[in-house]
Structure formats: structure tokens, C-alpha cells
Amino acid sequence: MSECKAAVVIVAGGNGRRMNASVRKQYLTVGGLPILVRTLNVFVAIKTLGPILLVIPRGDGRFCTEELLIPHGLQEKVRLVYGGEDRQTSVKNGLSDLKNHRFPGKGIVLIHDAVRPFVGEPLIQNCIDGAHRHGACVPGIAVVDTLKRVDDQGRVKATVPRDNLYQIQTPQAFRFDLIMRAHEDAARRGFRGTDDASLVEAMAETVYRVPGSPDNIKLTTPEDIVRGERIVTFSLETGVEEVNGEIL
């Protein structure tokens, strides 16, 4: 296990556009449990983690507290932070909250998508350990499908070699002073990255990969919800430990 606790910033600022849903995707249920609660339960169960920050849209504080945190016994374990106009700003708000609470610069910060509820403790621990060793670490799985570059008219222009290509997941783990500096640098330069690791890469710092998990999917479409239900069903059929009295 890692020597010191790691903080967790869980970003829950998405909406339901691609879900065609009337509520934000993180509040939808999978296997009878809200996606956001499933995700929080995973991190709360790891005793070496803390603090746990949940970054939510402005205006959702009362709903999250009264409908999600309190009913599932999470209100004392999770600190709410309001996000910004996009994910990058929301993450920076979470990091700034840690800075204001004097989180140590050499500590490790995990940044995770709220709609990845099937992340497991071994993957999380591998990310923490990787960040301790290298400063920045992301989980990823190898690309197995053939990749084609296609133009605006749908014409295939090239086949992209998939050697050394990986689909990157979260949590992404960083030494706190490094990721704080990366976000501050990006804000100064107006740089927008596709993930937090890209902000570190933009400063010519090295990011390392650890193995990801095929089940660590991001639930963004109705088809993803169907797959999530299958993962829950499989877990129930094969047997899995309960966390806080609820099946992950």
C-alpha cells in the first residue's frame, strides 16, 4: 500500500444529452443504484483514501446532499465542490479546494469521472503507486480494433497503425504539486486539454501508463447503461463483496 493518503476529485458535471435523459447522467440508476453513488462507494470503501471531493454543477448541492449522499450514508465522507463551465475548470476548482485545505504538494490526487462506477480497488491502487513512483500515471487498455482516418465526406483516407495505442481511462493520478501547476499553466495560456494528463504533457512532463480494465467503462449513452446492467448482473451472479451494505 502507498505510504500516505491520496485525495480524490470526482467530476460529476455532465448532462444527459447523449443519454437522451431528462436528468444528468450521473444521477441515473444502474442495477437500482444511482451511478454517482456506485462510484462514490468504491472510493469511500478504500480506507487509505481521503479527502474525497465531489465536483457538481452549481444548483445541484441540495439535490446531491438530500437525495444521494444522506440516503446512502455518504454525507460525512464526501465534500461537495461546485464546478465551472467545463470539465477542465471543474477539476481546477476541485484542486483549488484541496490547496485551500492545505493538501500536501507531495500528496497524490486521483481525478475520476463520476460516470465510471465499475473501477476497482486494484486499479485505483496501481494508479496511486504509479503516481508515487513517477509523478503522473494513467490507466489504459490497448486498442484492439482497426483504426481508420476518415474525412468529412465519410471517405477512408488512411489506416492508422494501432501499435502502442491505448484507450485511456480514469482515475488519473498525479502528485498534487504537479497537477496543480499543470492546471494553473493551462489556465494562463488558455490551453484546453482532452484530459488532465494532456495538461501535464503540455509542460513536457512524462506521464506513465498502468493497465486499465475493460469493465471500467464510462457511461455516456443508453447502450452504455445496458452494458452496465450486464456488469452488475454478472457481479451478482458470480458473487461480490458488499460495500456499505450495497452491491457494487
Within region 172-228, of all residues that are β-branched (Val, Ile, Thr), more than 19 Å from Pro122 (Cα to Cα) and not in a helix (DSSP H, G or I), the one least open to solvent (accessible area, probe 1.4 Å) is Thr220
Considering region 31-77, residues that are touching a strand residue (DSSP E or B) at 6+ places or on another chain (Cβ under 8 Å), over 23 Å from Glu229 (Cα atoms) and hydrophobic (A, V, I, L, M, F, W, C), and then whichever is surrounded by the fewest Cβ atoms within 10 Å (Cβ to Cβ), we arrive at Ile52
query: Could you say whether any residue in region 141-148 is surrounded by 12 or more Cβ atoms within 10 Å (Cβ to Cβ), touching a residue at least 40 places away in the same chain (Cβ under 8 Å) and either part of a helix (DSSP H, G or I) or at negative phi (or both)?
result: yes
Might you check whether a residue that is surrounded by fewer than 21 Cβ atoms within 10 Å (Cβ to Cβ), more than 17 Å from the chain's Cα centre (by Cα), modelled with pLDDT of 95 or more and not basic (Lys, Arg) occurs anywhere in region 108-128? no
Filter region 44-66 for residues that are in contact (Cβ under 8 Å) with a residue 40 or more places away in the chain and more than 20 Å from Ser96 (Cβ to Cβ); the one that is farthest from the chain's Cα centre (by Cα) is Thr48
Filter region 5-27 for residues that are open to solvent by less than 40 Å² (accessible area, probe 1.4 Å) and part of a loop (DSSP other than H, G, I, E, B); the one that is modelled with the lowest pLDDT is Gly16
Being in a strand (DSSP E or B) and out of contact with any Ser or Thr (no Cβ under 7 Å at 6 or more places or on another chain) narrows Pro122, Pro51 down to just Pro51
Notebook entry, point to check: Within region 153-169, is there a residue that is open to solvent by less than 40 Å² (accessible area, probe 1.4 Å), under 18 Å from Ile10 (Cα atoms) and either part of a helix (DSSP H, G or I) or in contact with an Asp or Glu (Cβ under 8 Å, 6 or more places away or on another chain) (or both)?
Noted result: no
Could you go through region 93-109 and let me know if any residue there is closer than 20 Å to Ser213 by Cβ and not hydroxyl-bearing (Ser, Thr, Tyr).
yes
Residue set Leu98, Leu80; condition surrounded by 20 or more Cβ atoms within 10 Å (Cβ to Cβ) and either touching a Phe, Trp or Tyr at 6+ places or on another chain (Cβ under 8 Å) or assigned to a strand (DSSP E or B) (or both); output residue Leu98
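The values are calculated or read from the model by the stated rules, or taken from the named source; none is laboratory data. Bear in mind that the values here come from a model prediction, so they are computed numbers and not experimental data. Heads up, the Cβs are rebuilt from the backbone with ideal geometry, glycines too, and the neighbour counts pull from every protein chain shown. For the accessible areas, the whole protein counts, side chains as well, though only heavy atoms, and no ligand, DNA or RNA atoms are used. Shrake-Rupley method; radii C 1.70, N 1.55, O 1.52, S 1.80 Å.
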